[in-house]
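Throughout, read-outs are computed from the coordinates displayed, never taken from laboratory work. Quantities reported herein were computed from a predicted structural model and do not represent experimental measurements. Cβ sites come from the backbone with ideal geometry, for glycine too, and all protein chains shown count toward neighbours.
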Amino acid sequence: MSKKAIVSLLILSMIAVACATEEEAVEEVAVEEEHDHSDESTLDEVIERGFLKCGISTGATGFSEQADDGSFGGFDVDFCYAVAAAVFGDYSKVEFKQLTSAERFTSLAAGEVDVLFRNTTWTQSRDTELGNDFGPTTYFDGQQLLGRKADGITESSTLADIDGLRVCTNAGTTTEKNITEGAGLAGATIELVTVEAFAEAVDKFIAGECDIITTDGSALVGRRAVNDALNDWVIFPTSPISKEPLGPTYRSNDSAWADVVNWTVYATIIADEYGVTSANVDSVDTDALPELGRLFGANDGELQTKMGLSADAFYNVIKQVGNYDQIYSRNLNPLGLFREGGANDRWTNGGLIYAPPAR
Ligand SMILES: N[C@@H](CCC(=O)N[C@@H](CS)C(=O)NCC(=O)O)C(=O)O
């Protein structure tokens with residue numbers, strides 16, 4: 001790391017990041033711009049280090065969960081594993097860093113992680129002002145709210161119905177902005193309570209200190225699946241109040257690294273289009289399916305070595321982690337989240353999950 005980078009990291013560490021709002025994060029990232037990442041691609045740093053540093057949430061059911069034995073699993077976690085499999089041919093070469101929403105962008109800017117797979121919404125300000133770049137959306141989400149049937153909340157409740165209620169969410173999110181704007185437009189006066197990690201919002205809801213919690217719909221489904229013993233929790237409105245395209249986030253202006261992250265995601269999507277899974281990837285007829293031959297490094301015309309990876313990098317991703325559908329189904333189907341008929345369905349079924357051609 002350069003002297004300049006160390007100095008800027010020191011300045012950064014003197015700034016309290018706990019509970020930072022997104023505005024505060026903008027200021028911190030402005031300081032961090034001193035940190036010069038332009039001399040070396042993150043890809044080189046990751047290869048030299050020998051493992052990937054992946055930023056995930058502090059806990060989101062189905063997306064990033066830590067088991068009792070310390071291991072991590074989930075939809076976001078699997079994409080971290082996929083990038084490690086692409087770079088090292090070994091999915092396990094990854095170190096996870098759990099980050100709250102408020103600290104994720106400063107942590108990324110400071111080089112503490114190489115990429116975020118962290119329920120992170122692609123927005124214009126994050127993409128431009130905050131110095132991030134975004135990869136392909138892995139999960140098309142939208143913000144919803146969760147309340148209690150016992151309090152008169154139903155699936156057809158609207159933002160106008162939360163007038164006078166205490167609404168809890170976590171800081172540094174699109175969520176807090178959307179709910180403030182949306183409630184205002186609906187003429188509802190709310191008491192917004194922001195906490196650091198979303199788990200605290202759930203705890204407050206359970207303790208009766210919040211009437212409503214709000215975040216990405218997928219996270220509400222996940223929380224309800226593991227907490228709602230009385231079947232009293234209702235998610236509303238049926239149509240989300242925002243668009244929350246979630247996907248990988250990395251430091252801006254690092255094209256070589258962006259290519260690796262993006263094409264790892266695309267490889268999982270292309271394999272899904274062909275129905276190639278970790279179980280059948282070894283029996284693909286690469287003469288009959290030349291795109292897969294190129295993608296798996298079996299045929300002339302493979303492009304992985306041009307990206308600084310081994311020719312079989314994406315074969316390793318599919319073999320060790322699986323295709324997009326496998327990653328989605330094993331983590332999210334158990335929560336009741338299904339692809340069929342939704343935005344996360346394959347484009348050939350009318351969904352938005354689509355990859356450019358491997359050629
Ligand atoms: N997608 C939104 C919300 C992200 C968010 O904070 N999601 C919650 C629910 S999944 C979360 O990360 N919880 C875990 C945590 O607070 O670490 C954003 O990018 O701002």
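Observations on the structure shown:
- Note on segment 111-181: Cα-Cα pairs beyond 13 Å make up 74% of the total pair count.
- Rg over Rh [alpha-carbon atoms, Kirkwood Rh] for segment 231-322: 1.15
- Convex hull (Cα only) mean projected area of segment 143-242, reported in nm² to one decimal: 5.4 nm²
- Most to least packed among 100-107, 343-350, 121-128, 323-330 [average Cβ atoms within 10 Å]: 100-107, 323-330, 121-128, 343-350
- P(r) weight above 27 Å for the chain, C-alpha pairs, percent: 48 percent
- Ellipsoid semi-axes for segment 48-107, based on the Cα gyration tensor and the rule √(5λ), read 19, 15, 9 Å when sorted largest first.
- The calculated P(r) of segment 202-282, using every Cα pair and 10 Å bins from 0, goes 13, 28, 23, 25, 11, 0 in percent.
- Using alpha carbons only: equivalent-ellipsoid semi-axes of segment 269-349, gyration tensor based, whole Å: 26, 13, 11
- Cα centroid separation, segment 45-107 to segment 278-347: 19 Å.
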